[in-house]
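*Asks:* A single structure is presented below for examination.
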Amino acid sequence: MSQAKSPPLTTPPKRSPLASLDAFMASHPFNPRLTPFAVYLVLLSVLSLTKDLSAYVYPTVYALQCAVVAWLLWRYRKLTPELTVSFHWSAVPSGVFVLVAWIAIGMGMERLFPSLGQTEPHFFEKMRGATPWVYRVSIGMRLLGMSLLVPLFEEMFTRSLMLRCLHSARATWVGLLQVLQDVPVVGDWIMETGPARRAAVLPGQFTSQFEATGLGVLSLFGVAASTAVFTLSHAPRDWPACVVTGVTWCLLLAWTRRRGLGPIAWSHGITNALLWGWTLYTNDWRFM
């Protein structure tokens with residue numbers, strides 16, 4: 001009697017890079033909210049390191065930077081339903097208020113701490129003298145990027161992801177212990193402590209906080225922690241202004257949360273556009 005032949009082994013088809021990215025983005029609620037922000041920072045570092053190589057590097061890399069981030073926001077928009085462009089009238093006064101606070105506090109910081117001021121000509125000033133047409137293209141692209149794109153991914157990261165996943169001080173502390181357990185060397189030591197062992201049996205606290213906290217639901221710790229994250233992504237001279245800004249936009253989000261992130265993205269965009277105009281009008285490049 002002949003034995004039945006076993007079916008040939010087949011190798012599962014490989015995923016395309018795009019399919020792998022789609023799966024990654026859908027695998028965790030943090031991924032589509034963090035990735036655009038992280039990609040922007042990485043390409044910003046590349047831009048900072050390469051912009052002096054040629055006058056054409058800045059507009060080329062900046063265009064790529066904005067295009068990639070915009071594509072990420074658009075492709076994964078169904079995973080981030082809070083990211084809207086809904087307008088609310090309060091975006092205008094709040095945006096102007098943040099502009100005034102940013103300029104006034106920044107100038108005050110430079111008077112108190114002169115070392116925080118700009119000591120060399122800004123990159124755009126050099127570009128304006130060397131290649132005027134490249135400067136005009138670059139400064140126009142900068143306006144579009146900082147007023148239309150940056151508010152979307154920065155607010156989604158800061159006032160959606162960070163504000164929600166850092167809602168409770170106790171849960172955040174437990175979440176930090178859970179993260180530190182996976183850090184080489186440090187994790188072994190952490191696991192010897194009682195709090196870390198108790199944290200290990202709990203669900204991921206950052207994810208749990210994010211899922212349990214609605215958009216615009218505020219806590220004192222959440223506002224402070226998310227504002228601290230927002231502050232650390234700016235220059236030391238702007239830190240006090242960042243605190244005022246963070247609190248203002250958290251309060252605005254709490255008031256307009258039914259419209260999603262749209263109103264604070266509008267407020268953020270208005271502030272940035274006015275700062276761009278202030279810079280060109282006064283030739284004061286410290287705020288660019």
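The values are calculated or read from the model by the stated rules, or taken from the named source; none is laboratory data. Please read all numbers here as calculations on a predicted model, not as lab measurements. So basically every Cβ, Gly included, is an ideal-geometry build from the backbone, and we count neighbours across all protein chains shown.
*Asks:* Does the stretch 164-175 include one or more residues that are part of a helix (DSSP H, G or I), at pLDDT 95 or above and within 19 Å of the chain's Cα centre (by Cα)?
*Replies:* So far as the stretch 164-175 goes, yes, one or more of its residues are part of a helix (DSSP H, G or I), at pLDDT 95 or above and within 19 Å of the chain's Cα centre (by Cα).
*Asks:* Of the numbered conditions (1) without any contact (Cβ under 8 Å) to a residue 60 or more places away in the chain; (2) crowded, with 19+ Cβ neighbours inside 10 Å, PRO203 fails exactly one; give the number of that condition.
*Replies:* (2)
*Asks:* Starting from residues that are part of a loop (DSSP other than H, G, I, E, B) and not β-branched (Val, Ile, Thr), keep the ones in the stretch 176-207 and report whichever is farthest from PRO29 (Cα to Cα). Lay out the reasoning, then the answer.
*Replies:* Looking only at the stretch 176-207, we keep the residues that are part of a loop (DSSP other than H, G, I, E, B), and these are 181-185, 191-193, 201-204.
Filter again for not β-branched (Val, Ile, Thr), leaving 181-182, 184, 191-192, 202-204.
Details: GLN181: 22, ASP182: 20, PRO184: 26, MET191: 27, GLU192: 31, LEU202: 19, PRO203: 15, GLY204: 13 Å.
So the residue we want is GLU192.
*Asks:* Of all residues in the stretch 33-68, which are buried (at least 16 other Cβ atoms within 10 Å of the Cβ), within 15 Å of LEU149 (Cα to Cα) and either in contact with a Gly (Cβ under 9 Å, 6 or more places away or on another chain) or not β-branched (Val, Ile, Thr) (or both)?
*Replies:* The answer is ARG33, LEU34, PRO36, PHE37, TYR40, LEU43, TYR62, GLN65, CYS66.
*Asks:* Kindly provide the set of residues from the stretch 211-229 that are part of a helix (DSSP H, G or I) and either of a type in the set (Gly, Ala, Ser) or surrounded by fewer than 20 Cβ atoms within 10 Å (Cβ to Cβ) (or both), ordered by number.
*Replies:* Keep residues of the stretch 211-229 that are part of a helix (DSSP H, G or I), which gives 211-212, 220-229.
Selection gives GLU211, ALA212, LEU220, PHE221, GLY222, ALA224, ALA225, SER226, ALA228, VAL229.
*Asks:* Considering only residues that are of a type in the set (D, E, K, R), surrounded by 16 or more Cβ atoms within 10 Å (Cβ to Cβ) and over 14 Å from ALA104 (Cβ atoms), which ones fall in the stretch 230-284?
*Replies:* ARG257, ARG259, listed by residue number.
*Asks:* Suppose we keep only residues that are charged (D, E, K, R) and either in contact (Cβ under 8 Å) with a residue 24 or more places away in the chain or touching a Cys at 6+ places or on another chain (Cβ under 8 Å) (or both) within the stretch 156-173. Which one would you say is farthest from LEU232 (Cα to Cα)? Give the derivation first.
*Replies:* Filtering the stretch 156-173 for residues charged (D, E, K, R) gives 159, 164, 170.
After this cut, where a residue has to be either in contact (Cβ under 8 Å) with a residue 24 or more places away in the chain or touching a Cys at 6+ places or on another chain (Cβ under 8 Å) (or both) as well, the list is 159, 164.
On the way: ARG159: 15, ARG164: 18 Å.
Across the stretch 156-173, the extreme among qualifying residues is ARG164.
*Asks:* If I filter the stretch 118-158 down to residues being farther than 20 Å from PRO263 by Cβ and among the aliphatic types (A, V, I, L, M), which single residue comes out as surrounded by the most Cβ atoms within 10 Å (Cβ to Cβ)? So that I can check it myself, show each step before the final result.
*Replies:* Step one: filter the stretch 118-158 for residues farther than 20 Å from PRO263 by Cβ, giving 118-145.
Filter once more, keeping what is among the aliphatic types (A, V, I, L, M): 127, 130, 134, 137, 139, 141, 143-144.
Working: MET127: 21, ALA130: 10, VAL134: 17, VAL137: 17, ILE139: 18, MET141: 16, LEU143: 15, LEU144: 15.
This residue is MET127.
*Asks:* If you scan the stretch 25-54, which residues turn out to be in a helix (DSSP H, G or I), in contact with a helix residue (DSSP H, G or I) (Cβ under 8 Å, 6 or more places away or on another chain) and closer than 15 Å to MET162 by Cα?
*Replies:* Within the stretch 25-54, the first condition is being in a helix (DSSP H, G or I), and the residues that meet it are 25-27, 31-50.
Retained after the next criterion (residues that are in contact with a helix residue (DSSP H, G or I) (Cβ under 8 Å, 6 or more places away or on another chain)): 25-26, 31-37, 39-40, 43-44, 46-47, 50.
Those that are in a helix (DSSP H, G or I), in contact with a helix residue (DSSP H, G or I) (Cβ under 8 Å, 6 or more places away or on another chain) and closer than 15 Å to MET162 by Cα: ASN31, PRO32, ARG33, LEU34, THR35, PRO36, PHE37.
*Asks:* Checking GLU192 against (1) under 28 Å from the mean Cα position of the chain (by Cα); (2) without any contact (Cβ under 8 Å) to a residue 12 or more places away in the chain: exactly one of these is not met. Which one?
*Replies:* Unmet for GLU192, out of (1) under 28 Å from the mean Cα position of the chain (by Cα); (2) without any contact (Cβ under 8 Å) to a residue 12 or more places away in the chain: (1).
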